[in-house]
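Below is one structure, written out as structure tokens; the observations come after it.
No lab work stands behind these numbers, since they all come straight from the coordinates. Given the structure is predicted, the values throughout are model-derived calculations rather than measurements. Using ideal geometry, Cβ is built from the backbone for each residue, glycine included, and neighbour counts are taken over all protein chains shown.
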Amino acid sequence: MKLKLSIVLVLSCFIFKANAQDPVFSQYFLVPETLNPGFSGFEDAAYFGIIHRTQWPSLDLRVNTEYAFYNTWIENLGGIGFSLINQHENNTNYNHLQANINFAYHVKLANDWYFRPGIEVGFGQKSFNFKNLVLGDQININSGSINPISADPFATNGNSKIMFVDFTAGFVFDKRNYRNDTDLWLGASIKHLNKPNISFAENGNAPLDIFYSIHANYKFPYFDYNDMLLSLNYMQQGAYNRLDLGTNVQLEKLMLGLTAVTNPAKNDANSHLVTSINAFIGLEMENLRFGFSYDINTTKIGRTDGVFELSLTYLTGCLTCRNPAQLERRK
């Protein structure tokens, strides 16, 4: 019984640890607020939108994630934003729902550089359906049957829902050009500064690992007003890390891109350095920005049907034009 209980506890810790990993959006370059609160109000106009992400739709471990956001710029104050994230796993009914409020201050530096420190406070809830778990004392090896009732205290004393407060801090350096557009931005963020306890066990202690991210984008023009974007995003949480390297080109209203998702740590002997290739297509109109991306799996995990994302952003300011007032705003 002790051996079975130990196995169950290990498996339970693995499940909860896997579910504790933060969702990462392939289209972070369109909505960088998902990475860093320093991007609050980054567009210099009020804007709101949503991202939907579905991971591995052909597996029982399919995970759906939605991120809704609103950001605005308040003169002489800074950027203020609100976001709501919901993540759901279909097999276990694990669900993570969190509301966040974020603020970024704006400091003008020399040579068209700006510094944007930001903070975020979140209120989260995680829930888990323990009825989908089979504990060690429920398995009858001799008969091959499963007992529907478990004497394990975790089955009766485990919390199906937990609530927690979450803190994030970050900063961004960005440089603007004559079109009042961003040529270059460099940023870093630290999520879960307070390492909130996300244990489902009564009186348990399972601090959420801190999530570190370093990110950079460089945009330069070609063929008059067309743009090319180079992006880098390094992330680490616990023993796992990830490095995304991407490029996007803008042909008037059309955006096309490719991103390589890599696993520098290679935690396992069978780990792959390149885990997926992300293809992106988007449209940018006067007030709307639409994006669709699809991650093509490059590992031997089997048929997953990849990962796809849909994003839609509405801006109260014009995306495809720059008026004189905007050009003077940050001088």
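What to note about this one:
- Amide proton proximity set for Leu184, modelled H, under 5 Å, gap of 5+: Lys175, Lys219
- Residue pairs, from the table Lys161/Lys266; Lys108/Lys191; Lys175/Lys195; Lys126/Lys300; Lys108/Lys219; Lys126/Lys175, whose Cα atoms sit over 28 Å apart: Lys161/Lys266; Lys175/Lys195; Lys126/Lys300; Lys126/Lys175
- Ordered by the count of other Cβ atoms within 10 Å of each Cβ, fewest first, Trp113, Trp73 give Trp113, Trp73.
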